[in-house]
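*Asks:* Below is one structure. I have some questions about it.
The values are calculated or read from the model by the stated rules, or taken from the named source; none is laboratory data. Keep in mind it's a predicted model, so treat the numbers as computed, not measured. Using ideal geometry, Cβ is built from the backbone for each residue, glycine included, and neighbour counts are taken over all protein chains shown. These area figures cover heavy atoms from the full protein model, side chains too; ligands, DNA and RNA do not enter into them. Shrake-Rupley method; radii C 1.70, N 1.55, O 1.52, S 1.80 Å.
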Amino acid sequence: MALSKRQRAKYTRYAIYVLSVVAIVAMALLVDWTRLSNAMFKWEIVKKQFPDILTGAAKNTVIFTILGFAGGLSFGLLFALMRLSTIRPYRWLAATYIEIFRGIPLLVTLLALGFGIPIATGWNWPNPYLQGAIPLALVASAYMAETIRAGIEAVPKGQMEAARSLGMSYPRAMITIVIPQALRIIIPPLTNEFVLLIKDTSLISVLGVTQATKDLARFGRDGVNSTANATPLIVAGLVYLAMTLPLTQLVAYMERRAKAAGK
Amino acid sequence: MSNETILIDDYVVNVTGLNKSFGSNHVLRGIDLHVQRGEVVCIIGPSGSGKSTLLRCVNMLEKPTGGSIVVLGRELTHIDCDIDEARTKIGMVFQQFNLFPHMTALENIAVAQRKVLGRSKAEAEMKGLQLLGRVGLTEKADAYPGQLSGGQQQRVAIARALAMDPDVMLFDEATSALDPELVGDVLNVMKNLAEEGMTMLVVTHEMGFASNVATRVVFMDGGVIVEEGPPSQVIAAPKEERTQSFLSSVLNH
């Protein structure tokens, strides 16, 4: 019997559903759950992670993220304004900076600035938090500069013209009229940058850390070493999710609302 | 006092030999326009004739490629001119209103008074409310631009420009973006302003307004002034063929 194209598609879909269910059930039956949960989610080890994982490691991750974000935002704004400047050397300087720091992996930048500078110059980072956060902020500022520039360019040109026509200087018009409107546009993408930063702080531990400045990822890794069990990393992953999921949901909500308002 | 000083004092806007090109596109080809205090000059002409560009050159939103612009005795085209200071005396009203969407109507009118003229908040808001009354929108002081009709937004924009106590007002197709039924309110505000003696340069397609309110009509085409004079001459009895054909295309449809 000849099937129409639509019927054929329907039966194919059913076949895929059935196969998927069979595969999942087979896996559930074949896996040794006791062994798996002992190796990856052992309750005694989970309990041992607390409260240190929150009072120490998660706190450090938050500190690195906030320092990185604040620095990234300030420098990002500066580079965005330079990119939009009518003065060519400013534009070139900002473009070069942005391309360099976006093009080099964060890990390399961290090592070069965190280790390379002290080795080359004999100067030492005065504070282990800054040693990790400043390279992070420099890389973040390159990404944020492009986000902020796009936001400023999304504000209609007439806004700047109206402000200038009222006698405002260019910086005054930027600060009072254009940037407040641009910030509204870029809050969702900036929140995404924040989520990326939370995760990127996990690379800072390559710089070597003291007990006091351990971040979540390092805490989990050390936990794995000391317990010979994967549980601490799973717990660390869950703590990351507890921080990032609310933010990504918030972005999704803001984008839905902006879409509804735009209609 | 010599005759020349009187001349300079009397003229609010002096445009001499103005040229403007956008790349290879030569938009203004030698414009001379002199506007005396209290004059209402309507600039008409087909689209692309350069009339908006001319208006935008008068407050230097477009930088001229040649010629000079003197407003209120200040040579704006001079390299040392403080353009921000000069602009406070030149009010500008745009086709797209360009109100600040993150501020209420009253804040729109107050912001430049405070940040540019250094007036206190109370002083700026009092002036703002008074001007909102003048354009018939006192009850909309706390409304955001998004909550106002196009005609209301444009009247707030006029009040915002007037708040700086300008000596000359520029209107760039102020009613072209409005629904037909909202045009009248805005034109009335402009007419009252003219009757109070404000010096005005008005780029417009409203031939009725030009006929009734203008003291002088300037017809532009192809980047030059083709014909100018009182409306009874330029609109009612145009001499130039280009003016005649433009007017017949706008008026007969």
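*Asks:* Take the Cα atoms of segment A:159-223, find their three principal axes, and give me the spread along each one in whole Å, biggest first.
*Replies:* Principal extents (Cα only, largest first): 62, 21, 15 Å.
*Asks:* If you take the accessible area of A alone plus B alone and subtract the pair, what total do you get in square angstrom, rounded to 100, with a 1.4 Å probe? Don't jump to the answer; show the numbers that get you there.
*Replies:* Values: alone 16170 and 11750 Å², together 26280 Å².
Accessible area lost upon association: around 1600 Å².
*Asks:* Could you work out the mean count of beta carbons from other protein chains within 10 Å of each residue's beta carbon in A:166-176?
*Replies:* Details: counts 19, 17, 7, 6, 1, 0, 4, 3, 0, 1, 8.
Whole-number average of other-chain Cβ neighbours for A:166-176 is 6.
*Asks:* Sticking with this structure for a sec: For segment B:118-222, what does the relative contact order come out to in percent, with C-alpha contacts under 8 Å and a separation of six or more?
*Replies:* Values: 74 pairs, mean separation 25.9, N = 105.
Taking the mean separation of contacting Cα pairs over the length of segment B:118-222, I get 25 percent.
*Asks:* Once the Cβ-Cβ distance between B:S232 and B:N188 is put in as r, and R0 is 30 Å, what FRET efficiency do you end up with, to the nearest 0.05?
*Replies:* 0.85
*Asks:* Given R₀ = 45 Å, FRET efficiency for B:D167-A:R91 by Cβ-Cβ distance, to 0.05?
*Replies:* Efficiency, from the Cβ-Cβ distance: 0.75.
*Asks:* Which one, A:T191, A:G220, A:A258, projects farthest toward the positive side of the charge dipole computed for chain A from Cβ point charges (K/R +1, D/E -1)?
*Replies:* A:A258
*Asks:* Something else now. In the protein assembly as shown, carbon and sulfur make up what percent of the accessible area (probe 1.4 Å)?
*Replies:* C and S atoms contribute 59 percent here.
*Asks:* Residue farthest toward the positive end of the dipole of the protein assembly as shown, with Cβ of Lys/Arg at +1 and Asp/Glu at -1: which of B:L33, A:I148, A:P171?
*Replies:* The Cα lying farthest towards the positive end belongs to A:I148.
*Asks:* To the nearest 20 debye, what charge dipole does segment B:1-114 have about its Cα centre, counting +1 at the Cβ of each Lys and Arg and -1 at the Cβ of each Asp and Glu?
*Replies:* Once rounded to the nearest 20, the dipole reads 420 debye.
*Asks:* Could you work out [θ]222 nm for chain B from helices alone, using -39500 (n - 2.57) per DSSP H run of at least four and dividing by all its residues? Round to the nearest 500 deg cm²/dmol.
*Replies:* -11000 deg cm²/dmol
*Asks:* For chain A, with only Lys/Arg (+1) and Asp/Glu (-1) charged at the beta-carbon, what is the dipole magnitude about the Cα centre, in debye rounded to 20?
*Replies:* 1120
*Asks:* 7 Å from Cα along Cα→Cβ at both B:S21 and B:D84: what's the point-to-point distance in nm?
*Replies:* 3.2
*Asks:* Holding the Cα-Cα limit at 32 Å, pick out from A:K47/A:K199; A:K259/B:K51; B:K20/B:K89; A:K259/B:K20 the pairs that are longer than that.
*Replies:* Those over the limit are A:K259/B:K51; A:K259/B:K20.
*Asks:* What whole-number distance in Å separates the alpha-carbon centres of segment A:22-89 and segment A:206-263?
*Replies:* After rounding, the separation between the Cα centres reads 2 Å.
*Asks:* For chain A, set up a GNM with springs between Cα atoms under 10 Å and report which of A:A252, A:A142, A:A58 has the largest fluctuation.
*Replies:* Maximum among the listed residues: A:A252.
*Asks:* Per residue, what accessible area does segment B:1-143 have, given a 1.4 Å probe and all protein chains present, in Å²?
*Replies:* For segment B:1-143, the solvent-accessible area averages 46 Å² per residue.
*Asks:* Please state the charge dipole magnitude for segment B:104-196, taken about the Cα centre, from unit charges on C-beta atoms (+1 on K and R, -1 on D and E), reported in debye and rounded to the nearest 20.
*Replies:* Its charge dipole is roughly 400 debye.
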